[in-house]
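So the structure is just underneath, and the comments pick up after that.
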Ligand code: SF4
């Protein structure tokens, strides 16, 4: 998102040009757009593979499988706003025994 000098805000359009290009190619070849056929510019540029783009209507797509996971959440979903962009929650291990063991290991590593 970009704030311009006159206060106009530019929002993400999910790389609509790439979507249109893939849709036209698929229509010419009389087929559906395949999963991973294209991705957005930000997803392509992200070295951590942190952004996944795809077709939620295709239950076999990577994005649909990730979205079906329990860790998936959307901002203010409780207001029923149904955001297109959702996130994966970080999993932390709340087991106190394991946390203590991790602390001891880190402490031992620092002493070396
Ligand atoms: S690069 Fe990413 S943020 Fe920018 S328009 Fe495309 S999908 Fe949206």
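FYI, it's all coordinate maths here, none of it is from the lab. From a predicted model like this one, the values you see are computed outputs, not experimental measurements. Neighbour counts run over all protein chains shown; Cβ positions are idealised from the backbone, glycine included.
Of all residue pairs spaced 6 or more apart or on separate chains, those with beta-carbon atoms under 6 Å, a first member in the stretch 32-51 that is free of Cβ contacts under 8 Å to residues at least 60 places away in the same chain and a second member that is in a loop (DSSP other than H, G, I, E, B) and within 14 Å of the ligand (Cβ to nearest atom) are 35/54; 39/53; 40/15; 40/53; 41/15; 42/51; 43/51; 43/53.
Go through the stretch 50-82 residue by residue and tally those that are within 15 Å of the chain's Cα centre (by Cα) and away from the ligand (no atom under 14 Å from the Cβ). I'd like the intermediate steps shown before the answer.
Residues of the stretch 50-82 within 15 Å of the chain's Cα centre (by Cα): 50-56, 61-75.
Going one step further and asking which of them are away from the ligand (no atom under 14 Å from the Cβ), we end up with 55-56, 61-62, 64-75.
Result for the stretch 50-82: 16.
Restricting the search to the stretch 13-31, which residues are without any contact (Cβ under 8 Å) to a residue 12 or more places away in the chain and within 15 Å of the ligand (Cβ to nearest atom)? 13, 16, 17, 20 - these are the residues of the stretch 13-31 that are without any contact (Cβ under 8 Å) to a residue 12 or more places away in the chain and within 15 Å of the ligand (Cβ to nearest atom). Quick check on residue 18: is it surrounded by 12 or more Cβ atoms within 10 Å (Cβ to Cβ) and within 12 Å of the chain's Cα centre (by Cα)? Answer is no for this residue.
I need the full set of residues from the stretch 34-49 which are more than 14 Å from the ligand (Cβ to nearest atom) and within 17 Å of residue 17 (Cβ to Cβ), in order please. Scanning the stretch 34-49 gives a single hit, 37. Taking (1) farther than 19 Å from residue 87 by Cβ; (2) surrounded by fewer than 10 Cβ atoms within 10 Å (Cβ to Cβ) in turn, residue 37 satisfies each apart from (2).
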